[in-house]
Amino acid sequence: MKNFFNKFYQLFCMTFLSLEKQARLAGVNLGNNNYISSRFWSSEPYLITIGDNCQITSGVKMFTHGGGNVLRDKYPTFDVFGKIKIGNYVYIGANSLINAGVTIEDNVLVAAGSVVTKSLKGRCVYGGNPAVFICTLDEYEKKNIKYNTATKMCSPKDKRTLLLSLPDDIFIKKNYIGQ
C-alpha cells in the first residue's frame, strides 16, 4: 500500500507541480529566478546546488555518483560521489550531461548536447563531447549582439509577429562544414 501512495504522489508531483518545484522537492538546492525544464536530478539531488537566474533546459542530466559497481567485487560497499555546483546566470543547453564533482562558475553558457566532465571557469562559452572552451563571454557578445531581437519580455503572440517581420540578416546563420 505504501508503494501505491509513493507512486501516486510522484505522479501528482509530475503532473501538477512546476519543474522548479519538483527539483526543490527532490532536494536540489536552488537559488531564485531560475528557469528549469529538466526532470533528472541524479539519485542524490541534495548534492546539487544551482545559483540564481539560471536556465537548465530540457533533457539536461546531472550525475552525482558513478563507477562504484566495478569495484564492488573487491570492496562490497564502494561508492563515490561528487557535488555539482552551478553559479549565477548559467545557461545549460538541451540534453547536456553534467558529471559528478563539476563546478560551473557564474555567467557560463554550456552549448546543447555538451558532456561536462571538468569544472568550467566563469564568463565563458563551452560545448562539445567532452565540453571544451569555445570563447569568452565578451567574444560571444561581440559576435552575436547584431542578432539581438530584444524579444525576451514580449508575449508569445508579439514575439511571433516581430520575428516573422524581421529580415533574414537578423537571424543567426551557420557556415557549412569546411568553410
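Assorted remarks:
- The simple spin-label model puts a point 7 Å past each Cα toward its Cβ; for I172 and S18 those points are separated by 2.5 nm.
- Counting 0.36 nm for each residue step from T117 to Q179 and taking away their Cα separation leaves a gain of 19.4 nm.
- Among [x] 34, 23, 14; [y] 26, 17, 16; [z] 22, 20, 17, the entry that matches semi-axes √(5λ) of the Cα gyration tensor in Å as calculated here: [x]
- The slack in the chain from D73 to Y46, taken as 0.36 nm per residue of separation less the alpha-carbon distance, amounts to 6.9 nm.
- In the full protein context, the chain carries 68 Å² of accessible surface per residue, based on a 1.4 Å probe and ignoring ligands, DNA and RNA.
- Taking a straight Cα-Cα cut-off under 21 Å and skipping sequence neighbours fewer than 8 places away in the same chain, the lysines within cross-link reach of K118 are K61, K83, K85.
- Distances between placed amide hydrogens fall under 5 Å for I86 paired with T49, I50, G51, I104, all partners being 5 or more residues away or on another chain.
- Amide proton proximity set for V60, modelled H, under 5 Å, gap of 5+: N95, S96
- Simple label model, 7 Å out from Cα along Cβ direction - N29 to T151, nm: 3.8 nm
- Using all pairs of distinct alpha-carbon atoms, the Kirkwood hydrodynamic radius of the stretch 86-179 works out to 15.0 angstrom.
- Cross-link pairs exceeding 19 Å in C-alpha to C-alpha distance, out of K146/K174; K142/K173; K152/K174, comprise K152/K174.
- Antiparallel %, DSSP beta bridges [both residues in the chain], to 5: 20 percent
- For the chain, calculated [θ]222 nm from helices alone, where every DSSP H run of n ≥ 4 adds -39500 (n - 2.57): -7000 deg cm²/dmol
The values are calculated or read from the model by the stated rules, or taken from the named source; none is laboratory data. Just so it is clear, the model here is predicted, and its values are computed rather than measured. Heads up, the Cβs are rebuilt from the backbone with ideal geometry, glycines too, and the neighbour counts pull from every protein chain shown. These accessible areas exclude ligands, DNA and RNA; they are computed on the full protein's heavy atoms, side chains included. Shrake-Rupley method; radii C 1.70, N 1.55, O 1.52, S 1.80 Å.
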